[in-house]
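**Q** Sending over a structure as structure tokens; questions will come in a sec.
The values are calculated or read from the model by the stated rules, or taken from the named source; none is laboratory data. This is a predicted model, so every value here is computed, not measured. No Cβ is skipped: glycine too gets one built from the backbone with ideal geometry, and neighbour counts run over all protein chains shown. Heavy atoms of the whole protein, side chains included, go into the accessibility calculation; ligands, DNA and RNA do not. Shrake-Rupley method; radii C 1.70, N 1.55, O 1.52, S 1.80 Å.
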Amino acid sequence: MSRAYAWFDQIVLDLLRQLRWSFLPPLLIYFAYGVQGITSVVGTFFVKEYLDLEAAFLAGLAFWVGLPWALKMPLGHLVDLIWRWKYLLILLGAALMAASYGIVAGLLIQPDMMVQIMPANSWYVTAALLAPCGFVLQDVVADAMSVEAIPHVKPDGSAHSDAENRTMHTTMQTLGRITLIGGFSTAAALNVWLFEGAEALAQPEKGALYAYVYLLALMVPLLSLTGIAVALLQRLQMGNSLRRRGLSPVEIQQRLTPPRDPVRVNWWYFIGGGAFVALSLSVGLSDMAQAQELVFGGSMLIVVMLMRQLIKSLTKEQARALIGTAIIIFTYRATPLNGAAATWFEIDALGFDQQFLSVLSLISSLLTLLGMVVLRPLIANNTIAWIITFLALTEALLSLPNIGLYYGLHNWTAPLTGGLVDARFIALVDTAVESPLGQVAMIPMLAWIARNAPNNLKATFFAVMASFTNLALSASSLGTKYLNQVFVVTREVTDASGQVTTPADYSSLGALLITVAVLKLALPLVTILLVQISPLRSAD
């Protein structure tokens, strides 16, 4: 009994003891970002039922959708420069998010009017690009606020020790991920409720339901603005409290504003950001071959150049550790995924409907929350190389049930178990085991940046390193596109009269799933081996 209580105290109660009221503003913004997942399920069915887009095109679109996150570089430096006015970027981000949701809602409510202006596919691409622009603006400010949320002095005015600062930064970043997944869990629960019985609806009724979900999503940007409101309220309350204690205006200002070294404009961050935008627009609008690859290569070159600017402010040991850690994280996040084809197979061949996919999303989110809390000691007590090795081995192993479903594993297990272990049961168990793993890798790196970055460049450090690791997601999208071009999978597409224009063909899906599983295992492990035997060896 005493061991069980000690475990509970270490895992749960200790996390609660480390909570701070000042953590709330950035956590609200992270939560809003998670809640935007309310459109994840409806977006899949909207594309499948209303648009004629191929899996390879969608994988390519995912590449472009991920690139705005590389703009965190100049935005992060901008936040450091306009520290007092950074909340304006939250407002702009909310406006872009609202525009994105409004476009898709308009396509569902007034499609005839919308297509007179621009084709439906073009509207969808526009909406898909606007949303991440809004999210990146808010995310870069939330990262800066997560550093500002750490109290720089105790209530009596004395400074915190290094150990106390390390603990608070780790807790803040862990809570940030937990809150983010909590938002996804909330969105998944709403989807389960909203899509109950949706599979039995006629198509016009489904369209009305999809429109309702996108209109409901307009609450997400409003929710993100509560982070600003709470931050301003906290500052006002603290100022009044210090004033009642008799502190002078100068002392109050010093308590309210963490000490920061002067920030000088480093034009390389803005030049790099401008070069990225120019490269993306010139290549993207020119319709040249291999446009995505050219943008990715150019973006990587720019980000690496800006990382060199950051490294100049670190010691040699810190710089080596940061480079080695970044390479490991990049490779792990750059492994290709199955793509939309796997979901189409689940819908068409296995009969997974909107509500069941929402249930899977909800289970994944809830267990990710639990897993991050339970795995917190693992994150704190092991190196990043060890953590990524553990994740790569586990995720490769957990690819096997999905491969088995394609090859009819459920047709064998269901009769043996009286129908219990069917396709949905296998999908549920696989989701339950796999879901906590994906978010674990980023926490130690974020905490490292928060602790070690210069106090006047926290947002810049967060932004550049996040841009580097987020480019890995663009690399993952490219790899996913290539695999979908090699292993071609098509879903059934019909025209307005019901005539089949493209027949379903899932014959190559098995080879695709196996290839992805092998790459998930091989790429991270080989990278970790090479880094750990080099001078870049990461011991943090």
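**Q** Listed residues 345, 352; which is aromatic (Phe, Trp, Tyr) and part of a loop (DSSP other than H, G, I, E, B)? Give the steps one after another, and end with the answer.
**A** Details: 345 fails: part of a loop (DSSP other than H, G, I, E, B).
Residue meeting the stated conditions: 352.
**Q** Of the residues 220, 265, 192, 213, only one is under 24 Å from residue 460 (Cα atoms), modelled with pLDDT of 75 or more and either touching a helix residue (DSSP H, G or I) at 6+ places or on another chain (Cβ under 7 Å) or of a type outside the set (Val, Ile, Thr) (or both); which?
**A** Numbers: 220 fails: under 24 Å from residue 460 (Cα atoms); 192 fails: under 24 Å from residue 460 (Cα atoms); 213 fails: under 24 Å from residue 460 (Cα atoms).
The unique qualifying residue is 265.
**Q** Also: The conditions are (1) open to solvent by 20 Å² or more (accessible area, probe 1.4 Å); (2) closer than 18 Å to residue 343 by Cα; (3) within 23 Å of the chain's Cα centre (by Cα), and residue 513 fails exactly one of them. Which is it?
**A** Going through the list (1) open to solvent by 20 Å² or more (accessible area, probe 1.4 Å); (2) closer than 18 Å to residue 343 by Cα; (3) within 23 Å of the chain's Cα centre (by Cα), residue 513 breaks only (1).
**Q** For residues that are under 14 Å from residue 187 (Cβ atoms) and at pLDDT 70 or above, tally how many sit in segment 365-387.
**A** Within segment 365-387, the first condition is being under 14 Å from residue 187 (Cβ atoms), and the residues that meet it are 365-366, 368-369.
Still in the running and at pLDDT 70 or above: 366, 368-369.
Residues meeting the conditions: 3.
Rundown of residues vs (1) surrounded by 14 or more Cβ atoms within 10 Å (Cβ to Cβ); (2) modelled with pLDDT of 80 or more; (3) of a type in the set (Lys, Arg), yes/no style:
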residue: 15; (1), (2), (3): yes, no, no
residue: 23; (1), (2), (3): yes, yes, no
residue: 31; (1), (2), (3): yes, yes, no
residue: 41; (1), (2), (3): yes, no, no
residue: 54; (1), (2), (3): yes, no, no
residue: 66; (1), (2), (3): yes, no, no
residue: 86; (1), (2), (3): yes, yes, yes
residue: 93; (1), (2), (3): yes, yes, no
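**Q** Looking at residue 174 and the list (1) crowded, with 21+ Cβ neighbours inside 10 Å; (2) in contact with a Lys or Arg (Cβ under 7 Å, 6 or more places away or on another chain); (3) at pLDDT below 75, which single condition is not satisfied?
**A** Against the list (1) crowded, with 21+ Cβ neighbours inside 10 Å; (2) in contact with a Lys or Arg (Cβ under 7 Å, 6 or more places away or on another chain); (3) at pLDDT below 75, residue 174 comes up short only on (3).
Condition check ((1) among the small types (Gly, Ala, Ser); (2) part of a helix (DSSP H, G or I); (3) under 30 Å from residue 51 (Cα atoms); (4) in contact with an Asp or Glu (Cβ under 9 Å, 6 or more places away or on another chain)) across all residues:
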| site | (1), (2), (3), (4) |
| --- | --- |
| 300 | no, yes, no, no |
| 305 | no, yes, no, no |
| 310 | no, yes, no, no |
| 323 | no, yes, no, no |
| 333 | no, yes, yes, no |
| 371 | yes, yes, no, no |
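**Q** A further question follows. Answer yes or no as to whether residue 346 is of a type outside the set (A, V, I, L, M, F, W, C) and surrounded by fewer than 19 Cβ atoms within 10 Å (Cβ to Cβ).
**A** Details: of a type outside the set (A, V, I, L, M, F, W, C): yes; surrounded by fewer than 19 Cβ atoms within 10 Å (Cβ to Cβ): no.
Judged against the criteria, residue 346 is not a match.
**Q** While we're on this one: Return the residue satisfying two criteria in turn: it lies in segment 494-534 and is modelled with pLDDT under 80, among the hydroxyl-bearing types (Ser, Thr, Tyr) and not in a loop (DSSP other than H, G, I, E, B), and of such residues it is nearest to residue 383 (Cα to Cα).
**A** So the residue we want is 502.
**Q** Of all residues in segment 327-341, which are aliphatic (A, V, I, L, M) and buried (at least 21 other Cβ atoms within 10 Å of the Cβ)? Walk me through how you get there before you give the answer.
**A** Our first condition is that a residue be aliphatic (A, V, I, L, M); within segment 327-341, this holds for 327-329, 334, 337, 340-341.
Hits for segment 327-341 are 328, 329, 334, 340, 341.
**Q** What residue, of 491, 537, is modelled with pLDDT under 85 and crowded, with 17+ Cβ neighbours inside 10 Å? Lay out the reasoning, then the answer.
**A** Working: 537 fails: crowded, with 17+ Cβ neighbours inside 10 Å.
After applying the criteria, what remains is 491.
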